[in-house]
Amino acid sequence: MNTKKIFVLVSALALTATAALAGTGRSTSEDFGTATWRERTEGVTLMVSSYAASVRSGEFVPLQIAVAARDTGKTLEVTPESFILIDENGNRYAAASWNQIREYGQATYDASLMRAFPMPVGEQFGALQRVPSRFYPDVKGFGTVIRDVSLPPFTWFHDVLYFPYPEAGLNGVLTLQFQPKGLDHPVDVRFRVGEAGNRASR
């Protein structure tokens, strides 16, 4: 085989490999800003911010979330149980209970941190109606708990979820899976924890 034929063969193999890698998809969902990621399906937008989880450690991982129901054609019934955290090894974690968060003792600090550095959502939900939610009350028990959130079309909500610290740690790509009652297929937002992960996802 002459040099020209070898060059053509190598070039073809390189193009094939590039196309195959392109077909595997992104390692994370859309990078929306500082430590924030977004996944959009035909009718649902799911966002997660891992900033609070990136600046402190503990037995639970705080994640700010935003969920919007656009033209879903039905009402989504959302509770903390609608969400599952999946670590890079495939281990699955249900959201922590209020009693667990009350005992771990860092919720007040987490709340002040997230007030100082809120999750950016931009103007994308400007035409939607925000509905109230409060999965966890104040650590002293103040505030009305709203665990059952109804999301009819063209509404959205913002809240905080806690999950047990994953066995695989916070390395690599994590997944927040969302499947409430009324949604036929789950929505997965893939994200990293902290600024390093945010840069790596670009």
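Apply the Karplus curve 6.51 cos²θ - 1.76 cosθ + 1.60, θ = phi - 60°, to the phi angles in region 59-71 and return the couplings in whole Hz, x for Gly and Pro.
These are the phi-based 3J(HN,Hα) values: 7, 10, 10, x, 10, 7, 10, 9, 10, 10, 9, 8, 8 Hz.
Express in nm, to one decimal, how much length is gained between ASP71 and ALA127 on full extension, taking 0.36 nm for each residue of separation and deducting their alpha carbon distance.
Between ASP71 and ALA127, full extension yields 18.9 nm more.
Just the number, please: Stokes-Einstein D of region 20-101 in µm²/s, Kirkwood Rh from C-alpha pairs, 10 °C, 1.306 mPa s.
It comes out at roughly 106 µm²/s.
Given a Förster distance of 30 Å, report the FRET efficiency between THR144 and SER27 from their Cβ-Cβ distance, rounded to the nearest 0.05.
Given R0 = 30 Å and the Cβ-Cβ separation, E is 0.15.
Using a 1.4 angstrom probe and counting only protein chains, how large is the accessible area of TYR109 in Å², to 10?
We get 110 Å² for TYR109.
Percent of Cα-Cα pairs per 5 Å bin, from 0 to the last occupied bin, for region 67-193, please list those.
Final binned percentages: 2, 10, 17, 20, 23, 17, 9, 2, 0.
Name the long-range amide H neighbours of THR41: under 5 Å, sequence gap of 5 or more, or other chain; modelled H, no Pro or chain starts.
Amide H neighbours of THR41: LEU46.
Which residue, chosen from VAL44, GLN64, THR75, occupies the Cα position most advanced towards the positive end of the dipole of region 41-82, where the dipole is computed from +1 (Lys, Arg) and -1 (Asp, Glu) charges on Cβ about the Cα centre?
It is GLN64, whose Cα lies furthest towards the positive end.
The values are calculated or read from the model by the stated rules, or taken from the named source; none is laboratory data. Computed from a predicted structure; not experimentally measured. Heads up, the Cβs are rebuilt from the backbone with ideal geometry, glycines too, and the neighbour counts pull from every protein chain shown. These accessible areas exclude ligands, DNA and RNA; they are computed on the full protein's heavy atoms, side chains included. Shrake-Rupley method; radii C 1.70, N 1.55, O 1.52, S 1.80 Å.
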